[in-house]
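A short worksheet on the structure shown next.
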């Protein structure tokens, strides 16, 4: 597929032209254009196939949906440690000539979170908002070194950011439009990303790199393994303790093999990644989050620290401020479902005859032993235990607004 | 008794005027862990190709079509308590429903086991 890289590079340009209203007018045209792009291979492609993975198209790449089966992989991760290839995600760095001051100031105009106050080696959940406060993407930002000092990871970048795979080219286009010229953004297209998740992840990671045992949740740092530079953070998206490991693409197979040789670790596909994150109550961009919804409605207000709420100065602040004062029109909620019939994305939610919302993620929850869902309902119906009904194939099934997470988080926090 | 297969990965056992319908081992393997099966009510009549049942796996919901026309005389109640039977024994205990065959000529175009195996191998 020699033409693939060229076509992909054109996409952010097309997307940014679209936003400016200069090119095509229908979103469908762009979606169709994107759907036509050939799928690309990630660095671990052959590795997954050799492990017996079933591959599917996801976010523009061939990715493993499962190896031995979603239920078995899900349970293995909850009990031991699962290794996930998340190399489709976008890994970006931001640098400047002012010891990080320009980067921090610029990113605070794009992100609602406190970037200036982000300490070295700490990580923070944030998002990109559009002018109306709609969510363009959710992401992680971290500080890969001590500002102004030599020796930070990623060639001294001020900020390292991980964005979603399906949205990365849109994100890049959006940020190119909005970042000042003295900030350099670098897309590390050849960098792979692994997630090691589960109660035995700490033990497994320490078997390779003993120093990682000191990391606590949302802390990160540079490590070297067999001469390979790694950036490891204690974080993830399953609700379990675990790590995300940024590794050069040409060394990722070596690292994946070393991890999977440990008795605690098995490779886990996208299928279980989805059921695990749903049980953990974590929203999935493109499903539970989109430009049509807001941060406060999504119950992600924790990502906007007090100073930022008060001072504003970021794109989308007006919506945040208004919804903090008046409440959002609708809210993202957890839904527990009676019986065994799963309610899936797109199923409509009713209170009596009134259509009050829609399921945005749903399925059978292996660790709960029942179907669960996440959805958006209008504010008056969003209180815990509100009895609702979900329409599945013409039938109404009973549901109720439930607390999230559905399965308790087991992050390793400070003792 | 003879067994027929469809290109929608269903099997049909025919005994007299009763057809027992299920999905093939290949189908269950493709669907993955099955967590719910929605079966038709007794007395429902189907035209060939109608939506007859729904299989919910961890991944997705999939329709099962009526491979031939007929009236449902029995549904496999065991699947309500144990949908995973479809994974463990798709082509025997994991059957879906039994139909009283309306038009036996509809069986004519279907595959036998050897032809179905060849079909699966070609996928």
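The set of residues in segment A:331-345 that are more than 11 Å from chain B (Cβ to nearest Cβ) and under 22 Å from the mean Cα position of the chain (by Cα) comprises A:331, A:332, A:333, A:334, A:335. Evaluated against (1) away from chain A (no Cβ under 14 Å); (2) farther than 26 Å from residue A:72 by Cβ; (3) touching a residue at least 12 places away in the same chain (Cβ under 8 Å), residue B:94 falls short on exactly one condition, (2).
Selection within segment A:154-177: residues that are farther than 28 Å from residue A:58 by Cα and over 22 Å from the mean Cα position of the chain (by Cα). The member of this set that is surrounded by the fewest Cβ atoms within 10 Å (Cβ to Cβ) is A:155. Checked against (1) touching a residue at least 60 places away in the same chain (Cβ under 8 Å); (2) within 14 Å of chain A (Cβ to nearest Cβ); (3) under 23 Å from residue B:105 (Cα atoms), residue B:51 passes all but a single condition, namely (1). Scanning segment A:348-395 for residues that are in contact with a helix residue (DSSP H, G or I) (Cβ under 8 Å, 6 or more places away or on another chain), surrounded by fewer than 22 Cβ atoms within 10 Å (Cβ to Cβ) and more than 14 Å from chain B (Cβ to nearest Cβ) gives A:351, A:356. Counting only strands (runs of 3 or more DSSP E) that sit wholly inside segment B:34-123, not one has at least 3 residues that are out of contact with any strand residue (DSSP E or B) (no Cβ under 8 Å at 6 or more places or on another chain) and at pLDDT 95 or above. Take the residues in segment A:312-322 that are assigned to a helix (DSSP H, G or I) and touching a helix residue (DSSP H, G or I) at 6+ places or on another chain (Cβ under 9 Å), then tell me which one is surrounded by the most Cβ atoms within 10 Å (Cβ to Cβ). The extreme case among them is A:320.
Residue count for segment A:162-172 under the criterion of being within 14 Å of residue A:189 (Cβ to Cβ) and either outside any strand (DSSP E or B) or out of contact with any helix residue (DSSP H, G or I) (no Cβ under 7 Å at 6 or more places or on another chain) (or both): the result is 6. Could you tell me whether residue A:262 is surrounded by fewer than 20 Cβ atoms within 10 Å (Cβ to Cβ), more than 14 Å from chain B (Cβ to nearest Cβ), in contact with a helix residue (DSSP H, G or I) (Cβ under 8 Å, 6 or more places away or on another chain) and under 30 Å from residue A:81 (Cα atoms)? In short, yes.
Of the conditions (1) modelled with pLDDT of 95 or more; (2) on the phi < 0 side of the Ramachandran plot, residue A:177 satisfies every one except a single condition; which number is it? It fails just one condition, (1).
The criterion of at least 1 residues that are touching a strand residue (DSSP E or B) at 6+ places or on another chain (Cβ under 6 Å), within 17 Å of residue B:59 (Cα to Cα) and modelled with pLDDT of 95 or more is met by the following strands (runs of 3 or more DSSP E) wholly inside segment A:334-378: A:354-365, A:370-378. Residue by residue through segment B:18-33, note down the ones that are facing chain A (nearest Cβ under 10 Å) and in contact with a strand residue (DSSP E or B) (Cβ under 7 Å, 6 or more places away or on another chain). Within segment B:18-33, B:32, B:33 qualify.
Scanning segment B:59-76 for residues that are surrounded by fewer than 20 Cβ atoms within 10 Å (Cβ to Cβ) and either touching a residue at least 40 places away in the same chain (Cβ under 8 Å) or within 14 Å of chain A (Cβ to nearest Cβ) (or both) yields B:60, B:61, B:62, B:63, B:65, B:73.
For residue B:80, are the conditions met, namely being surrounded by 19 or more Cβ atoms within 10 Å (Cβ to Cβ), in contact (Cβ under 8 Å) with a residue 12 or more places away in the chain and within 11 Å of chain A (Cβ to nearest Cβ)? No. Residue A:269 fulfils the conditions (1) away from chain B (no Cβ under 14 Å); (2) within 23 Å of residue A:369 (Cβ to Cβ); (3) over 15 Å from the mean Cα position of the chain (by Cα) except for a single criterion, (1).
Check whether at least one residue in segment A:278-297 is within 27 Å of residue A:130 (Cβ to Cβ), buried (at least 19 other Cβ atoms within 10 Å of the Cβ) and within 14 Å of chain B (Cβ to nearest Cβ), and report yes or no. Yes, there is a match, as at least one residue in segment A:278-297 is within 27 Å of residue A:130 (Cβ to Cβ), buried (at least 19 other Cβ atoms within 10 Å of the Cβ) and within 14 Å of chain B (Cβ to nearest Cβ). Mind checking whether some residue in segment A:255-262 is more than 13 Å from the chain's Cα centre (by Cα), more than 20 Å from residue A:53 (Cα to Cα) and in a loop (DSSP other than H, G, I, E, B)? No; the residues of segment A:255-262 include none that is more than 13 Å from the chain's Cα centre (by Cα), more than 20 Å from residue A:53 (Cα to Cα) and in a loop (DSSP other than H, G, I, E, B). With the structure loaded, tell me whether residue B:14 is away from chain A (no Cβ under 14 Å), farther than 12 Å from residue B:90 by Cα, buried (at least 18 other Cβ atoms within 10 Å of the Cβ) and over 11 Å from the mean Cα position of the chain (by Cα) or whether it fails that test. Judged against the criteria, residue B:14 is a match.
Does segment A:67-80 include one or more residues that are over 22 Å from residue A:410 (Cα atoms), at pLDDT 95 or above and within 14 Å of chain B (Cβ to nearest Cβ)?
yes
Does residue A:55 satisfy the criteria of being touching a strand residue (DSSP E or B) at 6+ places or on another chain (Cβ under 7 Å), within 14 Å of another protein chain (Cβ to nearest Cβ) and without any contact (Cβ under 8 Å) to a residue 40 or more places away in the chain? The answer is yes for residue A:55. Within segment A:239-252, the set of residues being closer than 19 Å to residue A:142 by Cβ and either out of contact with any strand residue (DSSP E or B) (no Cβ under 8 Å at 6 or more places or on another chain) or crowded, with 21+ Cβ neighbours inside 10 Å (or both) comprises A:241, A:242, A:243, A:244, A:245, A:246, A:247.
When restricted to residues that are farther than 21 Å from residue A:231 by Cβ and in contact with a strand residue (DSSP E or B) (Cβ under 7 Å, 6 or more places away or on another chain), segment A:81-117 contains 2.
The values are calculated or read from the model by the stated rules, or taken from the named source; none is laboratory data. This structure is a prediction, so every number in the text was calculated from the model and none was measured. So basically every Cβ, Gly included, is an ideal-geometry build from the backbone, and we count neighbours across all protein chains shown.
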